[in-house]
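What follows is a single structure, and I will ask about it in a moment.
The values are calculated or read from the model by the stated rules, or taken from the named source; none is laboratory data. Note that this is a predicted model, so its numbers are computed, not measured. When we count neighbours, we look across all protein chains shown, and the Cβ atoms used for this are built from the backbone with ideal geometry, even at glycine.
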């Protein structure tokens with residue numbers, strides 16, 4: 001984020017200069033009052049009064065123009081920062097969310113909004129104006145040194161009160177804001193699973209969890225508000241007291257003949273202006289704290305993602321996959337779900353990953369597409385660590401079907417085209433590869449049928465075939481399919497087999513996790529997993545015994561031998577490590 005703020009640094013310096021000009025112009029009413037009492041009343045000159053009044057109105061007009069220019073400048077600066085950061089923040093938060101690194105995407109985007117609103121609001125103005133309290137102290141010294149000493153003492157006391165208020169409220173405000181973010185995250189998670197929540201009667205239990213977080217937020221917010229109210233009330237007392245004490249000081253000096261009566265009024269206003277910026281800073285301190293928290297979160301997020309922006313663009317992959325001594329675990333979890341995986345799939349070959357439930361097949365699929373990063377070892381595609389590959393470049397060259405399938409709000413064509421520019425011929429080709437073209441034409445608006453939460457809802461098998469069509473869009477060279485036939489009928493499975501054969505014919509590397517024997521019969525290699533460990537790798541025919549050891553007959557995979565395709569490489573089973581769910 002530092003780079004973005006450096007690009008607008010000149011704008012902030014210009015805003016500071018405008019603050020200096022505006023603070024200087026705010027001396028105009030003080031000078032007007034001083035001259036009105038000391039010159040107009042003593043001389044009883046209407047010409048002097050009219051001249052002073054016309055002059056002060058011109059100053060007010062210029063003053064208002066400068067404030068308008070400053071306001072417009074801060075709005076433009078805040079928008080510039082938003083424009084520069086929005087795409088980066090979206091990408092970084094999306095990648096961290098996909099990697100299960102505990103990022104609240106809604107909170108991150110609201111942080112950007114909070115920062116922009118702060119820069120366009122009065123909080124940043126209060127920060128910029130606070131140092132100019134010294135200007136009024138210097139002007140007070142021109143009237144009489146005692147006034148400068150009094151103004152300096154008043155400003156120092158107000159500064160101490162400001163620091164105390166900051167220390168009392170900052171921690172409470174931070175805790176309150178964090179609790180609110182956590183309550184919002186929990187509510188968002190509940191809403192994403194609304195159908196299951198209602199169907200299973202889970203709403204009371206989930207509402208109880210959310211309300212506990214919400215009550216914690218309310219309690220912390222009350223504590224923060226009360227602490228802030230105490231500080232604001234005390235500073236209000238100080239400001240009112242300083243005004244009266246300043247007038248008393250001015251009257252004393254006037255009685256002693258050291259200043260004039262007009263200077264008494266001017267001195268009172270000067271003292272008020274000296275402590276006013278600090279009081280405004282206290283009033284806007286909650287927004288300063290929130291903006292600072294938002295900046296810190298955004299800065300940390302973007303720093304962690306900064307290395308990706310410096311990567312050199314790589315050529316499109318050919319599909320040669322190498323897995324070396326891989327230990328895999330979900331992001332943020334120390335316990336491994338996959339251990340000691342080592343195999344190699346040449347470009348243009350097909351691999352079937354089989355194993356019982358909870359053997360780690362889906363975890364391996366996530367590792368093979370770079371969504372998860374290996375805890376140890378490496379997974380390389382054409383020699384490049386796949387988790388470090390820029391997915392904006394790799395994604396269009398890769399196909400992936402997860403077990404849990406969702407579609408975005410958009411048309412069928414847009415979803416097949418991965419929400420990018422729709423190539424009608426490529427969309428239809430992908431749909432035909434999985435035998436879905438005629439089915440899509442029968443939907444309400446064909447390829448223009450809307451999907452998503454409020455759109456058309458295909459059946460389970462249709463959703464799976466649509467996800468496969470999305471994976472095949474653009475003729476990717478590297479395809480990972482996680483249980484792609486779990487919901488397919490005979491016709492759908494036959495279409496999937498034809499699609500896999502088409503991928504192999506044009507040289508794509510295909511990885512498929514499955515329990516179905518028909519898919520095993522068309523692959524070159526088979527990888528057998530049990531309890532998160534590799535117990536066999538090689539041509540399907542030669543892994544008959546390894547499959548029998550890993551999968552009992554009730555496991556759902558036929559253990560009948562199939563025709564061999566390549567040379568054998570069988571690994572004996574080792575000690576099992578408890579695996580995660582598929």
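Going by the conditions given, is residue 386 assigned by TED's automatic domain parsing to the domain that holds residue 513, without any contact (Cβ under 8 Å) to a residue 40 or more places away in the chain and touching a helix residue (DSSP H, G or I) at 6+ places or on another chain (Cβ under 8 Å)?
Yes, satisfied.
Run down 434, 427 and say which single residue is out of contact with any strand residue (DSSP E or B) (no Cβ under 9 Å at 6 or more places or on another chain) and either in the same structural domain as residue 358 (by TED's automatic domain parsing) or closer than 21 Å to residue 512 by Cα (or both).
The conditions single out 434.
Can you report the number of residues in segment 42-52 which are in contact with a helix residue (DSSP H, G or I) (Cβ under 8 Å, 6 or more places away or on another chain) and part of a helix (DSSP H, G or I)?
3
If you don't mind, there's one more thing I want to ask. Could you please let me know if residue 402 is closer than 19 Å to residue 489 by Cα, crowded, with 17+ Cβ neighbours inside 10 Å and in the same structural domain as residue 494 (by TED's automatic domain parsing)?
Working: closer than 19 Å to residue 489 by Cα: yes; crowded, with 17+ Cβ neighbours inside 10 Å: yes; in the same structural domain as residue 494 (by TED's automatic domain parsing): yes.
It is true that residue 402 is closer than 19 Å to residue 489 by Cα, crowded, with 17+ Cβ neighbours inside 10 Å and in the same structural domain as residue 494 (by TED's automatic domain parsing).
Checking residue 458 against (1) crowded, with 16+ Cβ neighbours inside 10 Å; (2) under 29 Å from the mean Cα position of the chain (by Cα); (3) not in a helix (DSSP H, G or I): exactly one of these is not met. Which one?
Single failed check for residue 458: (2).
Something else about it: Any idea which of (1) farther than 24 Å from residue 286 by Cβ; (2) touching a helix residue (DSSP H, G or I) at 6+ places or on another chain (Cβ under 8 Å) is the one residue 244 doesn't satisfy?
Answer for residue 244: the failing condition is (2).
Give 205, 141, 171, 148 a once-over and let me know the one that is without any contact (Cβ under 8 Å) to a residue 24 or more places away in the chain, part of a helix (DSSP H, G or I) and loosely packed, with under 13 Cβ neighbours inside 10 Å.
205
While we're on this one: Could you tell me whether residue 186 is crowded, with 20+ Cβ neighbours inside 10 Å and in a helix (DSSP H, G or I)?
Answer is no for this residue.
For segment 219-231, state whether one or more residues are surrounded by 20 or more Cβ atoms within 10 Å (Cβ to Cβ), at pLDDT below 80, closer than 30 Å to residue 25 by Cα and out of contact with any strand residue (DSSP E or B) (no Cβ under 9 Å at 6 or more places or on another chain).
Within segment 219-231, one or more residues are surrounded by 20 or more Cβ atoms within 10 Å (Cβ to Cβ), at pLDDT below 80, closer than 30 Å to residue 25 by Cα and out of contact with any strand residue (DSSP E or B) (no Cβ under 9 Å at 6 or more places or on another chain).
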